[in-house]
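Accompanying notes for the structure given below.
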C-alpha cells in the first residue's frame with residue numbers, strides 16, 4: 001500500500017511538472033506551482049526531487065524513454081532506406097504531436113546542460129544510426145540515391161521533423177495562420193516530409 005501510494009504520488013508530480021514545464025519552460029516554472037498542481041506540499045515535492053533541475057531531467061527522461069525505442073527500432077529494422085525514412089518521420093511526428101513539449105525540452109536542456117545527453121546515450125535503446133549509415137552507403141553504391149553523406153541526410157531528416165514544433169510561434173505568424181490550421185499542416189507533414197526527402201535524394 002505504501003509503495004503504491006509513493007509511486008502514485010511520483011506519477012502525479014511528473015504529470016504536473018510536465019504540464020507546467022510545457023506552459024512556462026524550465027526557467028519560468030516554479031516548484032511551488034508544480035507542488036500545487038500535484039496537490040501536495042512543497043516539502044513533499046522536495047522529498048522526491050531535491051531541485052527543479054532533477055525534476056526537469058526526470059520528466060524529459062520519461063518522455064525520451066517512450067520515443068527512443070520507437071526510433072531505434074525503425075533505424076535498425078530490415079526495411080529499405082526509403083521505407084525507413086517514411087516510418088521514422090511518421091513515428092516522430094505522431095509522437096511529438098502527443099508530447100509537444102519534447103523538442104523544446106531538448107533545446108532547453110542541451111543549451112543549458114550539454115552533458116545531459118551523455119546520460120541519455122548510455123541508456124538502453126538510445127537510437128543507433130550505424131545501420132542507417134550502411135544503408136545510405138549501399139543505396140549510393142547501387143545507384144538508388146544521389147551521393148550524400150549519411151550524417152547530412154540524417155540531420156536533414158531530423159531538422160525537417162523537429163523545427164516545425166520548436167518554431168511554431170514564428171511559423172504561425174509567418175504563415176498567417178492559427179493554431180487549428182497549423183495543427184492540420186503538422187499532420188500533413190507525416191507524409192510530406194518523407195516524400196520531400198526521398199524525392200530529393202532518389203535517382
* Counting other C-beta atoms within 10 Å, which of 85, 166 has the fewest, and how do the rest follow? -> 166, 85
* To do: Treat the count of other C-beta atoms within 10 Å as a stand-in for reagent exposure and order 55, 171, 153 from fewest to most.
  => 171, 153, 55
* To do: May I ask you to sort 79, 194 by Cβ crowding, counting other Cβ atoms within 10 Å and putting the fewest first?
  => 79, 194
* Helix 150-166 axis, angle to the chain major axis (alpha carbon atoms, nearest 10°) -> 50
* Tell me, how many Å apart are the Cα centres for the stretch 40-83 and for the stretch 151-198? -> 22
* Asked: Helix 130-141 versus the longest principal axis of the chain: what angle, 0 to 90°, nearest 10, using Cα atoms?
  -> 20
* **the stretch 41-131, relative contact order in percent, only Cα pairs under 8 angstrom and at least six apart counted** => 40
* Could you give the alpha-carbon Rg of the chain over 2.2 N^0.38 Å, rounded to two decimals? -> 1.18
* Asked: Cα axis of helix 179-201 to longest principal axis of the chain: angle in degrees, 0 to 90, nearest 10?
  -> 40
* Asked: How large is the helix-only mean residue ellipticity at 222 nm for the chain, computed as the sum of -39500 (n - 2.57) over DSSP H runs with n ≥ 4, divided by its residue count, in deg cm²/dmol to the nearest 500?
  -> -25500 deg cm²/dmol
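Readers should treat all values here as calculations from the given coordinates under stated rules, not as data from a laboratory. From a predicted model like this one, the values you see are computed outputs, not experimental measurements. When we count neighbours, we look across all protein chains shown, and the Cβ atoms used for this are built from the backbone with ideal geometry, even at glycine.
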